[in-house]
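Asker: There's a structure below that I have some questions on.
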Ligand code: SF4
Ligand code: SF4
C-alpha cells in the first residue's frame with residue numbers, strides 16, 4: 001500500500017486558486033453546493049468559549065485526516081471540525097479495506113495512518129487554507145463576517161501513558177499555540193502569495209478536545225486522562241461515550257428484534273468491560289467539579305461506534321465497529337438517558353447515523369456539534385453537507401425562527417423535544433434493516449485502465465479526494481508493433497486500442513489509503529484505486545509502491561510509467577512533437593502520429609527483435625490527457 005501523504009501549503013493554495021478560477025470548483029467539487037450562508041438566518045452556536053457559524057461538522061475520522069478533507073468540509077458548511085484522533089502509536093499496520101459503507105457502515109478499530117508530526121502539519125495547513133479562503137473572499141462573503149467562525153476540535157486517545165508521552169504532550173501544546181509553525185509556513189509561501197505572508201492568523205488552533213478511549217477502557221483511566229488534559233493543558237474536554245452504556249439487553253433487543261438487524265451479533269463481554277451507566281454519571285459529575293476548579297468545561301459525545309462480531313467477512317479482524325442508522329437509534333437513547341441523569345444543561349455533542357433527514361431534529365435537541373461520517377462516504381461525498389444545512393434552514397423557516405438559538409429554545413424545551421423524538425425512533429422505518437440492507441448496485445463488468453461507466457461516483461465517495469478525472473479524446477487507434485528485419489524495424493499491425501469515453505479516471509496514490517470505499521460504490525468490479533492509472537507525487541513515493549501500475553511526472557514533459565511490471569520513461573519534445581521512450585537500455589523515438597522513427601542502439605539489433613508498443617500507446621494517451629487537463633484538480637497536482 002502506498003503511504004498516505006499530504007501536500008505542502010503552497011501547492012494546495014495554487015491548486016485552489018487556479019482550479020477555482022478555471023472551473024469554479026475546488027478539489028473537483030463544483031461551487032454550486034458550497035455553503036455561503038442563508039441571508040437573514042443565523043445558524044451559529046457557542047461551543048465552549050468559541051463561536052461556530054453552524055453546528056455541523058465532519059466527525060473525527062476519514063473526513064478530517066488530510067488538509068483537503070477539512071477544507072472540503074468547510075466549503076460545504078461544516079464549522080466545527082473534529083480532527084482525526086491522534087495517539088502515540090502512529091506507525092500501526094492497519095488492515096485493508098478498513099471501511100465497509102455498503103449500507104449501515106462498519107469500520108476497523110484503528111485508522112490513523114499519519115505520524116504525529118504529519119497530522120500536525122495537515123491540521124495547520126488546513127487551518128491556514130481556510131483563513132486564506134476568507135482573506136480572498138472566494139465564496140463571495142466579506143472577510144470578518146461571522147459566517148467564517150469556525151472551531152477545530154482536537155481528538156486524542158487512547159490511554160494516559162500515551163497522552164503523557166513527550167511526543168503527544170508536545171503535539172498537544174503545539175496545536176494549542178501553533179505560532180511557530182504558522183510563521184514557518186507563511187515564510188515558505190512563494191512571491192505570488194506575498195499578501196498572505198504577514199496575514200495575522202490566530203495561532204490557537206485547538207483549545208477543545210474530544211477524548212477517544214479504547215473500547216473497554218477502565219473508568220479510572222478515563223477520569224485520569226480528563227484530569228490530566230484539563231490540569232496540564234487547559235483543554236475543554238468532551239468524553240466520547242460508548243453505546244454499551246445502554247446495557248446488553250436493551251441494545252440486543254433494539255438491534256435484533258425491534259429494528260430487525262438479525263445479522264448483527266453482539267459480544268456480551270464487551271458490555272461488561274465498557275464503562276457502566278452509573279459509574280459514567282458519577283465520574284462525569286466529579287469531572288464537572290474538577291473542570292470548574294481549573295476553568296475548563298466538560299461535555300460528553302454520543303457516541304462511539306458499537307463493537308460487534310465480524311459476520312460480514314469484509315474485514316479480517318474478529319470484531320468490527322457498527323455505525324449508521326441503527327447506531328443513531330441507540331445513541332439518541334443513550335444520550336437522552338444520560339442527559340436526564342446529568343441535568344438538562346449538560347453539554348452534549350453528537351455523532352451517529354446523521355443524514356439530511358434527521359440533522360435538523362438532532363440539532364433541535366440542543367447538541368453541538370452534530371457531526372457526520374458514514375453518510376459522507378456515499379455518492380456526493382462532502383456536498384451532502386450542504387443539504388443538511390438547507391434542511392435545517394427550512395425547519396427554522398417552518399417554525400418562524402431566524403436564529404438557531406430560537407429554534408432550539410430553552411434547555412428544558414430541548415430535553416422535552418428529545419423525549420418526543422426518542423419515543424418515535426424505534427418505530428421509524430428509516431432506521432430498520434429493511435430500509436438499510438441494500439448494497440450499491442454492481443453491473444457485472446470489470447474495470448480496465450481506460451473507460452468505465454463514467455458515473456464519477458469514485459470522485460466524491462473518496463474522503464481524501466484521491467480519485468480524479470482527466471480528458472482524453474475518444475478515438476480508435478490502430479496499434480503497430482515493430483520487428484527488426486532486413487536491417488530495419490518494420491511495422492506489424494497488432495489490433496486496435498479503443499478509447500470510448502472523453503472522461504477518464506485516475507488515482508492519486510499518495511492520497512489513497514486503500515480504504516475500499518470507491519470500490520464499494522463503483523458499479524464495476526476491480527476497484528478504481530487498483531485498476532485506474534495511479535499517480536505518485538514524487539520518485540520517493542513512486543519507487544516502493546509502483547507495483548504493476550504507477551506513474552510519476554518528473555517534469556511536465558517527462559513521465560515515468562510502470563505498466564505490467566515494465567518501467568518506461570516517456571519524454572515529449574515540444575519543438576519536434578516527438579515522443580522518446582526509454583525502455584531499459586533501448587531508446588525509441590516516435591513521431592507525432594506515434595510511428596517509430598528511430599531506435600537505439602540500432603547497430604547491434606539482432607534480426608527478429610520485436611518492439612511491443614501497446615503500453616507505449618497507453619502511456620502516451622495518459623500523458624497527453626493529464627497535460628491537457630492541467631487546470632483540473634488531480635492533473636494540477638502532478639507537475
Ligand atoms: S481512492 Fe478509494 S480506496 Fe483510495 S482512499 Fe479514496 S475511497 Fe479509499
Ligand atoms: S471508475 Fe467506477 S465509480 Fe469511477 S467513474 Fe468509472 S464506473 Fe464510475
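Asker: Please go through segment 108-138 and give me each residue that is surrounded by fewer than 18 Cβ atoms within 10 Å (Cβ to Cβ) and either at pLDDT 95 or above or over 22 Å from the mean Cα position of the chain (by Cα) (or both), ordered by number.
Answerer: Matches in segment 108-138: 117, 135, 136, 137, 138.
Asker: Being buried (at least 16 other Cβ atoms within 10 Å of the Cβ), within 16 Å of ligand 1 (Cβ to nearest atom) and farther than 16 Å from residue 457 by Cα is the requirement here; does residue 510 meet it? Working first, answer last.
Answerer: Numbers: buried (at least 16 other Cβ atoms within 10 Å of the Cβ): yes; within 16 Å of ligand 1 (Cβ to nearest atom): yes; farther than 16 Å from residue 457 by Cα: yes.
The answer is yes for residue 510.
Asker: Which of the residues that make up segment 548-587 are over 14 Å from residue 534 (Cα atoms), in contact with a strand residue (DSSP E or B) (Cβ under 8 Å, 6 or more places away or on another chain) and in contact (Cβ under 8 Å) with a residue 40 or more places away in the chain?
Answerer: Answer for segment 548-587, where residues must be over 14 Å from residue 534 (Cα atoms), in contact with a strand residue (DSSP E or B) (Cβ under 8 Å, 6 or more places away or on another chain) and in contact (Cβ under 8 Å) with a residue 40 or more places away in the chain: 566, 568, 570, 572, 579.
Asker: A follow-up question, please. What number goes with the only condition from (1) without any contact (Cβ under 8 Å) to a residue 40 or more places away in the chain; (2) surrounded by 16 or more Cβ atoms within 10 Å (Cβ to Cβ); (3) part of a helix (DSSP H, G or I) that residue 203 does not pass?
Answerer: (3)
Asker: Still on this structure, please answer the following. Working only within segment 128-143, note down all residues that are more than 18 Å from residue 24 (Cα to Cα), outside any loop (DSSP other than H, G, I, E, B) and in contact with a helix residue (DSSP H, G or I) (Cβ under 8 Å, 6 or more places away or on another chain). Don't jump to the end; show me each part of the working.
Answerer: Taking segment 128-143 and keeping what is more than 18 Å from residue 24 (Cα to Cα), we get 128, 131, 142-143.
Still in the list and also outside any loop (DSSP other than H, G, I, E, B): 128, 131.
Matches in segment 128-143: 128 only.
Asker: Right, another one. For residue 280, indicate whether it is surrounded by 16 or more Cβ atoms within 10 Å (Cβ to Cβ), modelled with pLDDT under 95 and either over 24 Å from residue 58 (Cα atoms) or over 31 Å from the mean Cα position of the chain (by Cα) (or both). Outline the logic, then answer.
Answerer: Details: surrounded by 16 or more Cβ atoms within 10 Å (Cβ to Cβ): yes; modelled with pLDDT under 95: no; either over 24 Å from residue 58 (Cα atoms) or over 31 Å from the mean Cα position of the chain (by Cα) (or both): yes.
For residue 280, the condition - surrounded by 16 or more Cβ atoms within 10 Å (Cβ to Cβ), modelled with pLDDT under 95 and either over 24 Å from residue 58 (Cα atoms) or over 31 Å from the mean Cα position of the chain (by Cα) (or both) - is not met.
Asker: Do any residues in segment 440-468 that are more than 28 Å from residue 73 (Cα to Cα) and touching a residue at least 24 places away in the same chain (Cβ under 8 Å) have Cβ atoms under 9 Å from those of residues that are more than 16 Å from ligand 1 (Cβ to nearest atom) and part of a helix (DSSP H, G or I), where the two are at least six apart or on different chains, and which pairs are they?
Answerer: Close Cβ pairs satisfying both conditions: 449/618; 449/622; 450/618; 450/621; 450/622.
Okay, residues lined up against (1) touching a residue at least 12 places away in the same chain (Cβ under 8 Å); (2) closer than 17 Å to residue 205 by Cα:
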{"residue": "62", "(1), (2)": "yes, no"}
{"residue": "73", "(1), (2)": "yes, yes"}
{"residue": "78", "(1), (2)": "yes, yes"}
{"residue": "89", "(1), (2)": "yes, no"}
{"residue": "93", "(1), (2)": "no, no"}
{"residue": "98", "(1), (2)": "yes, no"}
{"residue": "101", "(1), (2)": "yes, no"}
{"residue": "105", "(1), (2)": "yes, no"}
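Asker: In this structure, is residue 513 touching a helix residue (DSSP H, G or I) at 6+ places or on another chain (Cβ under 9 Å), more than 16 Å from ligand 2 (Cβ to nearest atom) and modelled with pLDDT of 95 or more?
Answerer: Details: touching a helix residue (DSSP H, G or I) at 6+ places or on another chain (Cβ under 9 Å): yes; more than 16 Å from ligand 2 (Cβ to nearest atom): yes; modelled with pLDDT of 95 or more: no.
Here the answer is no, as residue 513 does not meet what is asked.
Asker: Given the conditions (1) farther than 30 Å from residue 399 by Cα; (2) outside any loop (DSSP other than H, G, I, E, B); (3) touching a strand residue (DSSP E or B) at 6+ places or on another chain (Cβ under 9 Å), and given that residue 46 satisfies all but one, which numbered condition is not satisfied?
Answerer: (1)
Residue-by-condition table, conditions (1) surrounded by 19 or more Cβ atoms within 10 Å (Cβ to Cβ); (2) out of contact with any helix residue (DSSP H, G or I) (no Cβ under 8 Å at 6 or more places or on another chain); (3) part of a loop (DSSP other than H, G, I, E, B):
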residue: 606; (1), (2), (3): no, yes, yes
residue: 615; (1), (2), (3): no, yes, no
residue: 620; (1), (2), (3): yes, yes, no
residue: 624; (1), (2), (3): no, yes, no
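Asker: For segment 404-460, how many residues meet the condition of being part of a helix (DSSP H, G or I) and either within 30 Å of residue 614 (Cα to Cα) or within 16 Å of ligand 2 (Cβ to nearest atom) (or both)?
Answerer: Taking segment 404-460 first, the residues part of a helix (DSSP H, G or I) are 404-408, 411-425, 429-431, 433-435, 457-460.
If we keep only those that are either within 30 Å of residue 614 (Cα to Cα) or within 16 Å of ligand 2 (Cβ to nearest atom) (or both) as well, we get 457-460.
Residues flagged as part of a helix (DSSP H, G or I) and either within 30 Å of residue 614 (Cα to Cα) or within 16 Å of ligand 2 (Cβ to nearest atom) (or both) within segment 404-460 amount to 4.
Asker: Same structure, new question: Would segment 461-472 turn up any residue that is within 16 Å of ligand 2 (Cβ to nearest atom), buried (at least 21 other Cβ atoms within 10 Å of the Cβ) and assigned to a helix (DSSP H, G or I)?
Answerer: Yes, that holds for at least one residue.
Asker: Now for a separate question. Just give me the residues in segment 4-24 being surrounded by fewer than 17 Cβ atoms within 10 Å (Cβ to Cβ) and not in a helix (DSSP H, G or I), in sequence order.
Answerer: Correct list: 8, 24.
Asker: Now for a separate question. So which of 427, 410, 394, 383 ends up being under 24 Å from residue 33 (Cα atoms) and over 24 Å from the mean Cα position of the chain (by Cα)?
Answerer: Going through 427, 410, 394, 383 in turn, the sole match is 394.
Asker: Continuing with this model, one more query. Could you list, in sequence order, the residues of segment 26-48 that are under 18 Å from the mean Cα position of the chain (by Cα) and surrounded by fewer than 16 Cβ atoms within 10 Å (Cβ to Cβ)?
Answerer: First pass over segment 26-48, keeping only residues under 18 Å from the mean Cα position of the chain (by Cα): 26-30, 33-34.
Passing the criteria: only 30.
The values are calculated or read from the model by the stated rules, or taken from the named source; none is laboratory data. What you see is a predicted model, and the numbers here were worked out from it, not measured in a lab. In this analysis, Cβ positions are derived from the backbone assuming ideal geometry, glycine residues included, and neighbour counts consider all displayed protein chains.
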